[in-house]
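Data block below; observations after.
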Amino acid sequence: MVGRSHGEDLLQDIFLTAHRKLDQYRGESSLGTWLFRLATNVCLDHLRSRANRNAQMTSEFDETISVEELSAGSSGPVVGVVDRLDLDRALADLPPGCRAVFVLHDVEGFEHREIAGMLTIAEGTSKSQLHKARMRLRRALATPGSARESRL
Amino acid sequence: MTTCLEIQPHLSDYADAALSPALRDIVSGHLATCDACRDTARDFERLRDAARALGPMTPPPFVWQNIAAELPGARRQARAQWLGLAAALVLVTAGAYAFARATVPVSHNSPAPASNAAPMATVETVAEELAIAVQHYDTAIAQLETVAKQDSRALPADTAVKLQASLTEIDKYIAESRAALVGEPQSEPARDSLFDALRRKVSILQDTVALVGAMPRGDQETAAKIMDGKS
């Protein structure tokens, strides 16, 4: 099972889980937030189980950020026009935690406060994970010939 | 004098215009003299804009059919809560699907995007799938309209007028989109336009149902958020 069909199976799991747990929805948050949290948890559970099989994933919300991830590096913009497929591929290579935050924040437009509620993490963790994701994507999508690329 | 290491943790918030005025001034001052940090902030903006442009992805119709097959009796449930959920599910699908799809590495020889359906699909199959997807929306909309009309008496008059004006406008847009699709049944923009309009209508109806739920509880804060489109 690869690629798109994998996502479709997960989507089906999300819907069926939502249906099964509907009576647990108490109205503390909006229905949309409750569903996003549920959907994200189903996806993360899936990734955890896959990681257990591979036995090589660190905590999905690892707070450790290397100097390189923090550093802007040399001068010169490194990201040119972002190709959709390239972004898809680079996203797939991100660790699950910062990928979840990036998708919820930059793709879906949620605020850190909302993401923290959905993923049950601190707001500061959501911010640091977004920074980490953006730095990694920036490196992954470096335009050939840019200052940084030529340095690497 | 600030250093790059002090500034860099704030560059994401700076790119998102989410810093306090005082901190924003400090970061702006640093960026005026530091090319590297300025380029990083600019790249963050480009990445965010590119990510936002990915937009919603609609799963193939067979996914709905599979889910429906797993939910015997779901159609018989008439509670407003379930109908609200159905509408919310439509809205949340794009995001969940986007994340779910991104949980597996994309092969460099990856198949066509979801909107292109299966590679071997015939024109007839695509048309059938489109019809099923539209029917799914139409059914959800009809159910939500029933609930919204039944209980909309609980809404203040000015709120009901605003919602009705939004619905009238979106109905006009849906009619135009349907007409465009009849003229160009294979046009992807025409399809996207129709689905976008249907999604917007579901969203308005979902807000109506949520408002109806918030009003009797006197939950004015929730009601205000819904009307502001923030809920």
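A few remarks follow.
- Residue within the stretch B:37-57 that is without any contact (Cβ under 8 Å) to a residue 12 or more places away in the chain, surrounded by fewer than 20 Cβ atoms within 10 Å (Cβ to Cβ) and away from chain A (no Cβ under 11 Å) present: no
- Failed condition for B:Leu194, given (1) farther than 27 Å from B:Ala68 by Cβ; (2) modelled with pLDDT of 75 or more: (1)
- Options A:His112, A:His105: the member that is under 12 Å from the mean Cα position of the chain (by Cα) and either surrounded by 16 or more Cβ atoms within 10 Å (Cβ to Cβ) or modelled with pLDDT of 85 or more (or both): A:His105
- Residue in the stretch B:1-36 that is nearest to A:Ala133 (Cα to Cα), counting only those that are of a type in the set (S, T, N, Q) and within 10 Å of chain A (Cβ to nearest Cβ): B:Ser12
- Residue in the stretch B:162-184 that is at pLDDT 70 or above and closer than 25 Å to A:Glu28 by Cα present: yes
- Being of a type in the set (Gly, Ala, Ser), surrounded by fewer than 21 Cβ atoms within 10 Å (Cβ to Cβ) and at pLDDT 90 or above is a property that does not hold for B:Gly73.
The values are calculated or read from the model by the stated rules, or taken from the named source; none is laboratory data. Remember, predicted model here, so these are calculated numbers, not experimental data. Reconstructed Cβ throughout: ideal geometry from the backbone, glycine too, with neighbour counts over all protein chains shown.
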